[in-house]
1. Just need a number here: residues in segment A:2-50 that are farther than 22 Å from A:MET179 by Cα and hydroxyl-bearing (Ser, Thr, Tyr).
2. When segment A:163-181 is examined, which residues are found to be crowded, with 21+ Cβ neighbours inside 10 Å and touching a Ser or Thr at 6+ places or on another chain (Cβ under 6 Å)?
3. What residue, among those in segment A:171-201 that are without any contact (Cβ under 8 Å) to a residue 24 or more places away in the chain and among the charged types (D, E, K, R), is nearest to A:PHE60 (Cα to Cα)?
4. Hey, does segment A:141-163 have a residue that's more than 16 Å from the chain's Cα centre (by Cα), modelled with pLDDT of 95 or more and not aromatic (Phe, Trp, Tyr)?
5. Could you please give the count of residues in segment B:65-81 that are surrounded by 12 or more Cβ atoms within 10 Å (Cβ to Cβ) and within 14 Å of another protein chain (Cβ to nearest Cβ)?
6. Please go through segment B:154-170 and give me each residue that is within 27 Å of B:ARG232 (Cβ to Cβ) and either within 21 Å of the chain's Cα centre (by Cα) or within 7 Å of chain A (Cβ to nearest Cβ) (or both), ordered by number.
7. Against the condition surrounded by fewer than 23 Cβ atoms within 10 Å (Cβ to Cβ) and farther than 30 Å from A:THR3 by Cβ, how does A:GLN141 come out, does it pass?
Amino acid sequence: MITVKNLVKNFGKNNVLDGIDEQIEQGEKVVIIGPSGSGKSTFLRCLNLLETPTGGEIWFEGKQINTPKANIDQIRRKMGMVFQHFNLFPHLTVLGNITLAPVKLGLQSREEANKNAMRLLERISLADKAEVYPGQLSGGQKQRIAIVRALAMNPDVMLFDEPTSALDPEMVGEVLELMKELARDGMTMVVVTHEMGFAREVGTRVLFMDEGKILEQNTPAEFFANPKNQRTQDFLSKVLL
Amino acid sequence: MNLFDSLMNELQQTLITDDRWKSLLGGLGNTVLIAVFAILLGVLIGLIVAVVRVSAASSKGKPVRNKFSHGVLIFFDKLCGVYLSIIRGTPIVVQVMIMYFGILALTSLNGVQVAIISFGINSGAYVAEIFRAGILSVDKGQMEAGRSLGLSYPKSMTLIVLPQAVKNILPSLVNEFIALFKETSIVGYVSIIDLTMAANLIRSRTYQAFTPLIIIAIVYWVCVTIMTQLMRILERRLAKSDNR
C-alpha cells in the first residue's frame, strides 16, 4: 500500500532521515518507536508530504506521490492524519470540524455529511457535543474528535503522530481505546507513539528508529522479548521499567 | 468686555453666524465618508497583498507543481513588495497630491473620491502588514490539519486560517481606522473640505484661529474616543469567545 524507497530528508545541514526503505501493506498496524529526534515524526509526515522529502521515492496505492505530477490534495483524502496537538479548528463547532472537508471538497452534501458525522460521533459517545466548540472539550475528547474528523474522509490509511503525547494521563486510555477499535475494524495504521503497551497489543509490526534510520523491526512479541540491536536494547531498558 | 462675553462672541462668530456650524458638519461628513470608504478599500487591498506575500513565502523550498501559477504568484509577490516600499516610503500628503494633481486629474472623479482612493491605497499597505501578522499568528498546525484532510492551500487559507486571523487582528484594524480617520485632516491640501479645512475656512473669515481649531479638536477627540470604546467592547467580546 505504501512503499518508501531510500527516503532522505535534510533540514539544512541536519540529516533527519538517512535513506529509509519500507513497505507497509494493507491492514497492517505499524508502530514506530524511538528516542526523540530519531526522525520518526518526520518519517510519518513525509508519508503524506507534510514534509517534502529531500530525496527518495514514496509510493501510495501504486503511484509515486512525491513527483510534481501527483495531485497531493487528491492523495491526502485517502490518508487520514492525527496530530499530537489535535489541531481542531477552534472557530468551528465539532460538527463543523468533521464536515468541513467532505462538504467543501464536494464529496458529500451538507445533509449527508452531517448524518455521517453524527453517526461517527455516536460511535465515540460524543453526539451531545456536536454543536460545541473545541475550546470546551477535554484533551481526550478533542483527540477522539480529531480522529473522527479524519475518518469522515473514509481514508485508506491513518497516520498517527504521537496522538497521546499531549494528553493528561487519565485521558490517554479513551484515545487508545478508539484506536484499538479502529485497528479491529481492519484500518491500516501507522502510529508514532511512546505507548509501548499499545505497540505490544495492537501493532502487527514494530519499527525502531534512531538517527534517521530504521535500526530494527519485528513482530511486537519478538521485538519486546528479544531485541537484537544494542541501541534497541538500551532504549527499551529505559522505557520499560 | 469680560472673558466670558468674548468667548461667547467668538463661539457665535465661529458657529452661528452664516450657519457656519453647517459647514463644519459638512466637513465632518466628508471626513467620515473618506475614512470609512478608504478603510474598506484598504482592507480589500491589504487582504490580497497579505495573502499573496504569505503564500509566496510558504511556497519557498517546496516542489513546484504548476510552473505557470507559481510564476504568476512570484510576479505578484514582487509587485506587492514594490507597492509596500513606495507607499510606506513616501508621505501621505505627497501621495494624495500626486493622485489629485497628477494621475486622477485625467479622470472625472471628484475630490472626495480621489481622497478615498489615495487613502485606500495608502491604508492597504499598513493593513497588509496587519493581516500578514494575523495570518502568521495562527498556529501552523491549522494549515497542516486542513491540508492533511485534502483541502488545497487556498481552501485551507480561506476556510481555516483567515477566519482565525481576522478575529486576531480586529482590534488592530480598528486602530488603523482611527489613525486613518485622523490622517484625513490633510486633504485640505487638495482643496477638499473636510472637518479641518472647514475650520480653516471659518478662520479665514473670522480672523479667529483659536476657537474653530479647538472646536474641531474636540470633535476629532470625541469621535476617536467613541471608536476606542467600541474597540474595547469588541476586544472583550472576542476574549470571551476565545474559550467558547
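1. 3
2. Residue satisfying the conditions is A:VAL175 alone.
3. Residue satisfying both the conditions and the ranking: A:ASP185.
4. So in segment A:141-163, the residues more than 16 Å from the chain's Cα centre (by Cα) come out as A:141.
Remaining after also requiring modelled with pLDDT of 95 or more: A:141.
Narrowing the set further to residues that are not aromatic (Phe, Trp, Tyr) leaves A:141.
Yes, because at least one residue in segment A:141-163 is more than 16 Å from the chain's Cα centre (by Cα), modelled with pLDDT of 95 or more and not aromatic (Phe, Trp, Tyr).
5. Adding up the residues that qualify gives 2.
6. To start, the set of residues in segment B:154-170 that are within 27 Å of B:ARG232 (Cβ to Cβ) comprises B:161-170.
Across segment B:154-170, the qualifying residues are B:LEU162, B:PRO163, B:GLN164, B:ALA165, B:VAL166, B:LYS167, B:ASN168, B:ILE169, B:LEU170.
7. Details: surrounded by fewer than 23 Cβ atoms within 10 Å (Cβ to Cβ): yes; farther than 30 Å from A:THR3 by Cβ: yes.
In short, yes.
Residues are listed down the side, and each one gets a yes or a no for (1) within 14 Å of chain A (Cβ to nearest Cβ); (2) touching an Asp or Glu at 6+ places or on another chain (Cβ under 9 Å):
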residue: B:MET143; (1), (2): yes, no
residue: B:SER152; (1), (2): yes, yes
residue: B:THR184; (1), (2): no, yes
residue: B:ASN200; (1), (2): no, no
residue: B:GLN208; (1), (2): no, yes
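The values are calculated or read from the model by the stated rules, or taken from the named source; none is laboratory data. Being a predicted model, the structure only gives us computed values, none of them experimental. Every residue, glycine as well, gets a Cβ built from its backbone with ideal geometry; the counts of neighbours run over all protein chains shown.
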